[in-house]
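To keep things clear, I will list the structure first and then write my remarks on it.
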Amino acid sequence: MPYGMMRGVTGRLMLLDTASLYFRAFFGVPESVKAPDGTPVNAVRGLLEFIDRLVQDHHPEHLVACMDADWRPRWRVDLIPSYKAHRVAEEHEAGPDEEEVPDTLSPQVPVIEAVLDALGVARVGVAGYEADDVIGTFTARAAGPVDIVTGDRDLYQLVDDARGVRVLYPLKGVGSLQLTDEALLREKYGVSGSGYADLALLRGDPSDGLPGVPGIGEKTAAKLLAQFGDLAGIMAAVDDPKAKLTPSQRGRLDEARPYLAVAPKVVRVAADVPLPDVDTTLPRAPRDPAVLEALDARWGLGGSLRRLLTTLGA
């Protein structure tokens, strides 16, 4: 059933931040895990084991592997040129706008994609958008509860207890997951899911090349949000001489206006990505058994694939 026609379907939807998970698999599973020809397949097998554990533990009725069709969209870079700039590979190595990926991981990504397709796991990437935006749009359209599996804290902004949206954040593999709901966000960061994006853009994020507001760290950002509600409320306070801001806070926020005018569009995930019609139903049997068998033989997927197939068929 195409996702756009899922009105009224209330089963749990699990959204995988696929690159985040296969990077974790790559670094968590030894490179000694190899195909018959000696090619490392640690990321492939590790991701299959992740999915197996996630399905066993959380019982989704729908599953989507969300992909980065564009990991550094031009529309974000145009607004904040430093966005992910430090993660761009050297031009002579990979091209001016390609992400640096370990040499032994890059060849595994097409294998991961082929295996997911043969299994029948919906795999969605949309030109001009990151996986985060695909996740944001699926979440906005979901009728039932949503589990977002990611190692990226940016997606905490989607947490919404009222709609049953939570983030499963891997602490170690996926055997140890932090179930992130609004209570946890308030305890750790002092904000709800809807306030996390404002917190993130105020404090900045060096890993994404977001400068933040100089002198406004995480604790100060959380206090300002608690006091004034949201970014708009904070900026209204900057313009109100009676508002309780220290002179340094007022000055720093005032100087940061050009950044704060564009940062929300960069930091907040899109909710209007033109998603394709896909069947998101968790597969119970492979979509293409012959192709899957050939991939297993070529890449030596072994027990990782067999266990997942057993779990899907259970």
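Leu292 fulfils the conditions (1) surrounded by 19 or more Cβ atoms within 10 Å (Cβ to Cβ); (2) in contact (Cβ under 8 Å) with a residue 60 or more places away in the chain; (3) not in a helix (DSSP H, G or I) except for a single criterion, (3). Output the residues belonging to the range 58-72 that are within 15 Å of the chain's Cα centre (by Cα) and part of a loop (DSSP other than H, G, I, E, B). Met67, Asp68, Ala69, Asp70, Trp71, Arg72 - these are the residues of the range 58-72 that are within 15 Å of the chain's Cα centre (by Cα) and part of a loop (DSSP other than H, G, I, E, B). Among the numbered conditions (1) free of Cβ contacts under 8 Å to residues at least 40 places away in the same chain; (2) assigned by TED's automatic domain parsing to the domain that holds Leu155, the only one that Leu245 does not meet is (2). If the condition is being under 18 Å from Arg268 (Cβ atoms), among the small types (Gly, Ala, Ser) and surrounded by 14 or more Cβ atoms within 10 Å (Cβ to Cβ), then the range 189-221 contributes Ser192, Gly193, Ser194, Gly195, Ala197, Ala200, Gly204, Gly209, Gly212, Ala221. The residue of the range 77-110 that is modelled with the lowest pLDDT, among those that are of a type in the set (Val, Ile, Thr), over 13 Å from Ala19 (Cα atoms) and outside any loop (DSSP other than H, G, I, E, B), is Val88. Taken over the range 16-68, the criterion of being in contact with an Asp or Glu (Cβ under 7 Å, 6 or more places away or on another chain) and among the hydrophobic types (A, V, I, L, M, F, W, C) is satisfied by Ala19, Cys66.
Is it the case that Ser82 is more than 24 Å from Leu301 (Cα to Cα), among the polar types (S, T, N, Q) and surrounded by fewer than 19 Cβ atoms within 10 Å (Cβ to Cβ)? So Ser82 passes the test. Checking Val44, Val64 one by one, the residue that is of a type in the set (A, V, I, L, M), surrounded by 20 or more Cβ atoms within 10 Å (Cβ to Cβ), in contact with a strand residue (DSSP E or B) (Cβ under 6 Å, 6 or more places away or on another chain) and on the phi < 0 side of the Ramachandran plot is Val64 and no other.
The values are calculated or read from the model by the stated rules, or taken from the named source; none is laboratory data. Everything quoted here is computed from the prediction, not taken from an experiment. Quick reminder, even Gly has a Cβ in these numbers, built from the backbone with ideal geometry, and neighbours come from all protein chains shown.
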